[in-house]
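Heads up, the thing below is written out as C-alpha cells.
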Amino acid sequence: MELTNLSVIRSLCEKYGFGFSKTLGQNFLVNAAIPPKIAKEAEIDGKFVVEIGPGFGCLTKELCKRAKKVVAVEIDSSLLPVLKETLAEFDNLEIINDDILNVDLSALCEKYGEKSVYICANLPYYITTPIVMHLLESEAPVKSVTVMVQKELARRFVSSPGSPDYGAVTASVAYYTNPKLLFGVSAGSFYPAPKVDSAVIRLDVIPENERIPVKDRETFFKVIRAAFAMRRKTLVNNLSSGFAIKKSEAAEILSSLSIPVSARGETLGIEDFARISEKIEENYTTAF
Ligand code: SAM
C-alpha cells in the first residue's frame, strides 16, 4: 500500500472515518520520495528508533525496514486502527498511544534492553520546540534527532552567532548537539498543505563529557533566556532585568570577561554564555 498516495489516504480516511486535525498538526506526507530519504539520512540501520506521530505510517514503514526495533508514539487514538492495517507486515514495531511529552524514553530503552535511541519524525508544528527540548533535556541516551520542522525553525536550529535567525533556541540546541540542515521539503509535499515550506534537520547529540563545561546548567540556561528576552536591548540591559542586578554590575561582569558592554545576545556563542553564567555564579551564588 502506497501510504503517500492521495487516493490511498482518502480511502483510508473514508474507511476509518478519519478527519485531519489542525490542532494536532496533522499534515501527512504525500511525496513518495521523502519518507525513504528521511529514514536513510537518519542513519538508523539496525538501531532502536522512536518515531513521534506516525500518522498513517508512511515514515514508520521506512524506519521499520531499516531499524532493529521501532516504537511509534501517536497521540491520536483514532489513528490506531489505521496503523494496525497499514503496518501489519512489521513485527519489529510497537505503537504507543500517548503524548510524546509524557513518554519516559529511558524506561523505553530499559524495557528493550537498549543502550541508545535514535529519534525520527515528521513533527507536528504546533509543538516542535517543546518536543525537541524535551528529548534533549531528558536523561535518556538519545544519539540523534532527525526531524522535519518548518523551514524558518530549521534555520533557527542551525544558525550561528551574528545571524538574524540566532536565538535562545539555537544556543540551547548548540549546547546539546551538532545540528545539520539536511534538505528542504516544499509545502506541496503534504496533505493538507501547510502555508510554509519545511526542512529536515539532524541533531547529533554531543556526549555529556564532550560538551562545553558548564558549572550550573540552570544558571547557564537562565543567562541564555535573559540574553534573548528583549532582542533590541543590549546584553547589559537584559542581564540586569533577568538577574535583578544593577546595570553597572552586569557591565562589570562583561568587562571582566573582555566582552564589549555594548554587545547583544545574538553576537555571543555558547562558550560566552557559559563564562557569563560562571561569573554570575561566583559573584551572586547566594542571590540565586
Ligand atoms: N508521520 C506522518 C507523516 O509524515 O505523514 C504524520 C506526521 S504529522 C505532521 C504529525 C503527527 O504527530 C500526527 O499523526 C499527530 O497526530 C501526531 N502528534 C501530534 N502531537 C503529538 C504528541 N504530542 N505526541 C505524539 N504524537 C503527536
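Restricting attention to the range 5-38, the residues being within 11 Å of the ligand (Cβ to nearest atom), within 28 Å of residue 143 (Cβ to Cβ) and not in a loop (DSSP other than H, G, I, E, B) number 5.
A quick yes/no check of all residues on (1) surrounded by 23 or more Cβ atoms within 10 Å (Cβ to Cβ); (2) closer than 27 Å to residue 189 by Cβ; (3) over 18 Å from the mean Cα position of the chain (by Cα):
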| residue | (1), (2), (3) |
| --- | --- |
| 67 | yes, yes, yes |
| 87 | no, yes, yes |
| 90 | no, yes, yes |
| 136 | no, yes, no |
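With the requirement that a residue be touching a residue at least 40 places away in the same chain (Cβ under 8 Å) and within 12 Å of the ligand (Cβ to nearest atom), what does the range 72-88 give you? Matches in the range 72-88: 75, 76, 78, 79, 82, 86. Total residues in the range 232-246 satisfying the condition of being surrounded by fewer than 19 Cβ atoms within 10 Å (Cβ to Cβ) and of a type outside the set (A, V, I, L, M, F, W, C): the figure is 5.
Looking for something under 22 Å from the mean Cα position of the chain (by Cα), small (Gly, Ala, Ser), in the same structural domain as residue 44 (by TED's automatic domain parsing) and under 30 Å from residue 22 (Cα atoms) - is there at least one such residue anywhere in the range 189-196? The answer is yes, given that some residue of the range 189-196 is under 22 Å from the mean Cα position of the chain (by Cα), small (Gly, Ala, Ser), in the same structural domain as residue 44 (by TED's automatic domain parsing) and under 30 Å from residue 22 (Cα atoms).
Entry remark, the range 39-56: residues being part of a helix (DSSP H, G or I), touching a strand residue (DSSP E or B) at 6+ places or on another chain (Cβ under 9 Å) and surrounded by fewer than 20 Cβ atoms within 10 Å (Cβ to Cβ) number 1 in total.
In this structure, is residue 151 within 16 Å of the ligand (Cβ to nearest atom) and free of Cβ contacts under 8 Å to residues at least 60 places away in the same chain?
On the way: within 16 Å of the ligand (Cβ to nearest atom): yes; free of Cβ contacts under 8 Å to residues at least 60 places away in the same chain: yes.
Yes, satisfied.
Across the range 3-29, the qualifying residues are those that are out of contact with any Gly (no Cβ under 7 Å at 6 or more places or on another chain) and aromatic (Phe, Trp, Tyr), and the one among them that is surrounded by the most Cβ atoms within 10 Å (Cβ to Cβ) is 18. Among the residues of the range 92-106, the ones that are farther than 28 Å from residue 197 by Cα, part of a helix (DSSP H, G or I) and within 16 Å of the ligand (Cβ to nearest atom) come to 2 in all.
Conditions tested, residue by residue: (1) within 13 Å of the ligand (Cβ to nearest atom); (2) under 26 Å from residue 209 (Cα atoms).
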{"site": "50", "(1), (2)": "yes, yes"}
{"site": "59", "(1), (2)": "yes, no"}
{"site": "90", "(1), (2)": "no, no"}
{"site": "113", "(1), (2)": "no, yes"}
{"site": "127", "(1), (2)": "yes, no"}
{"site": "132", "(1), (2)": "yes, yes"}
{"site": "139", "(1), (2)": "no, yes"}
{"site": "144", "(1), (2)": "no, yes"}
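The values are calculated or read from the model by the stated rules, or taken from the named source; none is laboratory data. Remember, predicted model here, so these are calculated numbers, not experimental data. Glycine also receives a Cβ, built like all others from the backbone with ideal geometry; neighbour counts cover every protein chain displayed.
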